[in-house]
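Just below is one structure, and these are the notes that go with it.
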Amino acid sequence: MEFKTVSNVLGWAFQVSVATPVEVRNYRERTGRSVSELTYVEEKAIAMEVLAKVARLPEAQYSALAARFTRDIRAINTAAKCLPAGWPTPLRRELTRGWAHDGSLARDQKSMAETYLLSTPTLTRRKQQAFLLLDAQLATALEALTPQLSELLASAPDHSGLPGACIAA
């Protein structure tokens, strides 16, 4: 089992961790596995090992990973804590939810600005700042996991597909 990027490994691990095994039979013949020759139990064990490594990350990095890969509201709320404390908590959560959904905010910035009594340019700046902070947490987590997950990568890690890889130092 080989993956091209650490992001691919993590996406697979989060997906397998919640998957339910289903055996497909067609006219009494079992269909072959196209993705892997491993059994469900073996795949689940590998996924759990990967997620155990993820669980050892600092809370901000762990929650950024979990928010991006699972879009779970608990992970989003925890990841929102790494944004500036002076911002209203609902704003931090809404921005983090948008970041976790690949930058797609649930509503337009003008209505968000009105809700939080901010100007639209101020809200835009806060959104950009929030996305940069969350991208930085995600990138740091991926960098920390790369050597730990190198045995699952097909070759040298390719960082071009990592979320937040374009962050300037």
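The values are calculated or read from the model by the stated rules, or taken from the named source; none is laboratory data. Please read all numbers here as calculations on a predicted model, not as lab measurements. Cβ: placed from backbone, ideal geometry, glycine included. Neighbour counts: every protein chain shown. Protein only, heavy atoms only, side chains kept; ligands, DNA and RNA dropped before computing areas. Shrake-Rupley method; radii C 1.70, N 1.55, O 1.52, S 1.80 Å.
Details
- Some residue of region 96-106 being in contact with a Pro (Cβ under 7 Å, 6 or more places away or on another chain) and not in a loop (DSSP other than H, G, I, E, B): no
- Filter result (aliphatic (A, V, I, L, M) and at pLDDT 90 or above) within region 26-53: Ala52
- Single match in Arg71, Arg92, Arg126, Arg56 (criterion: in contact with a His (Cβ under 8 Å, 6 or more places away or on another chain) and among the basic types (Lys, Arg)): Arg71
- Residues of region 77-127 that turn out to be of a type in the set (S, T, N, Q) and within 21 Å of Ala60 (Cβ to Cβ), as a count: 4
- Within region 89-117, the set of residues being aliphatic (A, V, I, L, M), free of Cβ contacts under 8 Å to residues at least 12 places away in the same chain and either touching an Asp or Glu at 6+ places or on another chain (Cβ under 9 Å) or open to solvent by less than 40 Å² (accessible area, probe 1.4 Å) (or both) comprises just one member, Ala113.
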